[in-house]
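Each remark here refers to the structure printed beneath this line.
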Amino acid sequence: MRTLMKSCMNAFAAYAQAPGEEAKVVMQGNMNNAFSKIDKAVKRGVLHRNTGAHKKSQLSSALKKALDPSV
């Protein structure tokens, strides 16, 4: 889980440094993979549902900041 979170955060930082269509695609791909893994972990009982929701919220807010840094 930590690896997915870090890879998403790194992709967000890379997009913030050099915005472009290619970086945006990588960012969205990482985000989709992380959401999928979090949902599977919650479904199987590895993570509590509130923990999964918290992690997804963290990723969503970081994505929002990367796309619009003025927020």
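Structure notes:
- Count of region 15-25 residues which are surrounded by fewer than 16 Cβ atoms within 10 Å (Cβ to Cβ) and either modelled with pLDDT of 90 or more or not hydrophobic (A, V, I, L, M, F, W, C) (or both): 7
- Among (1) touching a Leu at 6+ places or on another chain (Cβ under 8 Å); (2) crowded, with 18+ Cβ neighbours inside 10 Å; (3) of a type outside the set (S, T, N, Q); (4) modelled with pLDDT under 90, the one test that residue 4 misses: (1)
- Criterion violated by residue 44 - all others in (1) touching a residue at least 12 places away in the same chain (Cβ under 8 Å); (2) over 12 Å from the mean Cα position of the chain (by Cα) satisfied: (1)
- Scanning region 26-71 for residues that are modelled with pLDDT under 95 and not in a helix (DSSP H, G or I) yields a count of 4.
The values are calculated or read from the model by the stated rules, or taken from the named source; none is laboratory data. The structure displayed is predicted, hence computed values, not measured ones. Methodologically, a virtual Cβ is constructed for each residue, glycine included, from the backbone with ideal geometry; neighbour enumeration extends over all protein chains shown.
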